[in-house]
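Student: I have a structure I would like to understand better, so I am pasting it below and will then ask my questions one at a time.
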Amino acid sequence: MPASGAASRPGTGVAPPPAQPGNSATAEPGRTPGREPFGVRLARARVARSSLCVGIDPHPALLAAWGLNDSAAGLERFSLSVLDAVGPVAAAVKPQVALYERHGSRGIAVLETVLARAADQGTLTIADAKRGDIGSTMTAYAEAWLADGSPLAADAVTLNPYLGFESLRPALDLARSTGRGVFVLALTSNPEGASVQHAGGAASVALAITRAAAAENSIPHEASITPGSVGLVVGATAGSAVKALGLDLAALNGPILAPGVGAQGAGARELAATFGKALALVVPTSSRAVLAAGPTIEALRAAAREAAHELETLPSAD
């Protein structure tokens with residue numbers, strides 16, 4: 001990792017915050033000692049490696065293409081190969097939790113192994129679980145993915161806010177206290193999402209979620225920590241919807257996970273057009289375009305480096 005005063009890496013637009021008491025995990029009451037907030041750690045990883053996030057998506061077809069069985073053993077070999085290959089290149093990896101759950105308890109055990117190995121290697125993990133519920137059930141989800149000591153604890157987890165943003169409070173509070181992060185679904189690129197996310201017109205659901213997330217990053221004792229650790233999920237192919245719905249993503253002061261780079265059609269131009277002045281906050285995610293290069297470590301790493309290099313040449317936002 002570079003020194004805390006290192007300059008921004010091309011394509012990230014974010015310099016790593018200096019290691020000072022205001023950014024230290026020990027500076028805030030109730031925060032896990034020794035662990036800096038997720039937003040700070042992610043910003044450092046983007047400078048040291050790249051802005052790229054690589055999805056670990058062990059689809060049955062990909063396992064077959066790699067010559068692996070659709071089993072827990074195949075799942076483990078696939079996942080660890082991807083992790084070992086892209087860890088030195090990517091800012092983070094994003095395991096797709098559903099593709100582990102389909103293998104039952106053995107699949108969850110593989111996911112636990114992946115998360116532990118990533119932590120040992122210093123690679124940030126975003127569990128793509130899209131959890132959302134109310135009350136004690138949401139608390140249980142938060143403890144599974146964000147609590148110290150949980151075998152499923154990742155550096156961050158994706159959350160579903162459609163039972164109301166405030167229903168996510170147990171996860172928001174636990175992430176803050178343990179130095180972890182969350183990414184809240186705001187504007188996804190699947191066509192079906194518009195029926196909910198665009199609802200309300202000028203006062204859309206997506207707008208309310210975006211403002212609520214920004215408010216979490218502007219809480220007095222969090223505002224001095226740049227960037228914040230409450231992020232959003234906004235599809236890289238969302239296009240003009242960001243502007244049409246009036247989303248001020250630049251005001252988020254937190255990371256924006258942008259799936260859809262590569263095989264789904266988004267590249268540097270699409271990212272610049274979608275995110276504009278918020279481009280420096282974006283963590284573009286590529287899965288199939290990188291994973292299709294497997295199964296060798298060398299080919300996977302080369303594909304990740306190529307994807308990262310393309311992101312380093314992102315055009316400047318107007």
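Student: Name the residues in segment 177-192 that are surrounded by 18 or more Cβ atoms within 10 Å (Cβ to Cβ) and within 17 Å of T158 (Cβ to Cβ), would you?
Tutor: Here is the first cut: in segment 177-192, the ones surrounded by 18 or more Cβ atoms within 10 Å (Cβ to Cβ) are 178-189.
The answer is T178, R180, G181, V182, F183, V184, L185, A186, L187, T188, S189.
Student: In segment 143-152, how many residues are out of contact with any Asp or Glu (no Cβ under 7 Å at 6 or more places or on another chain) and either surrounded by 20 or more Cβ atoms within 10 Å (Cβ to Cβ) or of a type in the set (S, T, N, Q) (or both)?
Tutor: Filtering segment 143-152 down to residues out of contact with any Asp or Glu (no Cβ under 7 Å at 6 or more places or on another chain) leaves 143-149.
Now narrow it down to the ones that are either surrounded by 20 or more Cβ atoms within 10 Å (Cβ to Cβ) or of a type in the set (S, T, N, Q) (or both): 145-146.
Going through segment 143-152 one residue at a time, the tally reaches 2.
Yes/no matrix, rows are residues, columns are (1) over 18 Å from V233 (Cα atoms); (2) open to solvent by less than 30 Å² (accessible area, probe 1.4 Å):
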residue: Y141; (1), (2): yes, no
residue: A154; (1), (2): no, yes
residue: S167; (1), (2): no, yes
residue: A171; (1), (2): no, yes
residue: A199; (1), (2): no, no
residue: A206; (1), (2): no, yes
residue: R211; (1), (2): no, no
residue: I219; (1), (2): yes, no
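Student: Let me ask something additional. Checking P259 against (1) over 17 Å from the mean Cα position of the chain (by Cα); (2) at pLDDT 85 or above; (3) more than 19 Å from G179 (Cβ to Cβ); (4) open to solvent by 20 Å² or more (accessible area, probe 1.4 Å): exactly one of these is not met. Which one?
Tutor: So the condition that P259 fails would be (1).
Student: For segment 28-79, which positions are among the charged types (D, E, K, R) and either open to solvent by less than 50 Å² (accessible area, probe 1.4 Å) or in a helix (DSSP H, G or I) (or both)? Before the answer, list the steps.
Tutor: Step one: filter segment 28-79 for residues among the charged types (D, E, K, R), giving 28, 31, 35-36, 41, 44, 46, 49, 57, 70, 76-77.
Residues satisfying the conditions are E28, R31, E36, R41, R44, R46, R49, D57, E76, R77.
Student: Got a number for residues in segment 80-124 being open to solvent by less than 10 Å² (accessible area, probe 1.4 Å) and part of a strand (DSSP E or B)?
Tutor: 3
Student: Can you find, within segment 137-165, the residue that is farthest from P255 (Cα to Cα) among those that are without any contact (Cβ under 8 Å) to a residue 24 or more places away in the chain and assigned to a helix (DSSP H, G or I)?
Tutor: T137
The values are calculated or read from the model by the stated rules, or taken from the named source; none is laboratory data. As the structure is a computational prediction, the values presented were derived from the model and not from experiment. All Cβ positions, even for glycine, are placed from backbone atoms using ideal geometry, and neighbour counts span all protein chains on display. The accessibility values were calculated without ligands, DNA or RNA, using every heavy atom of the protein model including side chains. Shrake-Rupley method; radii C 1.70, N 1.55, O 1.52, S 1.80 Å.
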